[in-house]
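The values are calculated or read from the model by the stated rules, or taken from the named source; none is laboratory data. These numbers come from a predicted model, not from an experiment. Positions of Cβ are backbone-derived with ideal geometry, glycine not excepted, and every protein chain shown enters the neighbour counts.
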Amino acid sequence: MELKFTTTKLERQNQEILLEMVDDRLHIVYGELFDHIISERLLSPKETSQELKRLEDLQLSSWAHEYLDESQPGEAWKLTRNDEVYQGRGAYPDNYADFIAFLDRLVPEAALVDLDAVIDAFIVCDQEMIRITPDHQLFSYKRRHGSKLATAFEIHDGELVDTILSVLNDFNADVFLASYPVSRYVSITIAQGDTFVYDYNAKDFRHLMIEIDNILDDYFEDLPIFDTKQL
């Protein structure tokens, strides 16, 4: 199986999304195919099976090969699936939005649906760090002592991820399109690829961390994460 998708909605010339099978795993490539790869990933066999089932449910073979509405400027799009070509301008199959949502979940960095969607968030406080990856509903935690990794774990929990992101949205701060090595900061990368570093003053950062610490205390109970007394 090979599926290649392009759309003028990407607003970047020649950029495409490619899905192909490598043995029993789904290989996902985003960029100018293999000339310039922006991102790529290889799904596990279990993930591959789940995504292929979702793709099968879309019944792409039932699409007409051409959709055209000359009265609507709309986006131009093209889907090549194995040897079949489906394309359109200003007109779409009935379940086109479902297909785009399918791709958007697999390739959030292409920003097919929400250009401002958060694809990565880091909260760093001295030797501790959490990473939030909404697309995979992933919460990751690391604690370091010196150069040695002391603690690290990952949890898939969409509710926990959404709760922490909502807290970050509630705590406003100055934002910079930059990244710099400081010991306490919040960094967010959105689907367009821009990374924003939130510049909190010491008081606001402490209040933010107390709020997050309360969430984590409730979730992990006795597991010590972030010592806000040191802030």
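Annotation note: Cβ proximity below 6 Å between a residue of region 29-53 that is farther than 14 Å from residue 136 by Cβ and of a type in the set (S, T, N, Q) and a residue that is assigned to a strand (DSSP E or B) and at pLDDT 90 or above (sequence gap 6+ or interchain) occurs for 48/25; 48/26.
Among the residues of region 108-135, those identified as farther than 23 Å from residue 97 by Cα and either in contact with a Gly (Cβ under 6 Å, 6 or more places away or on another chain) or among the hydrophobic types (A, V, I, L, M, F, W, C) (or both) are 121, 122, 123, 124, 125, 129, 130, 132.
Restricting 132, 119 to those that are buried (at least 18 other Cβ atoms within 10 Å of the Cβ), in contact with an Asp or Glu (Cβ under 9 Å, 6 or more places away or on another chain), without any contact (Cβ under 8 Å) to a residue 40 or more places away in the chain and not acidic (Asp, Glu) reduces the list to 132.
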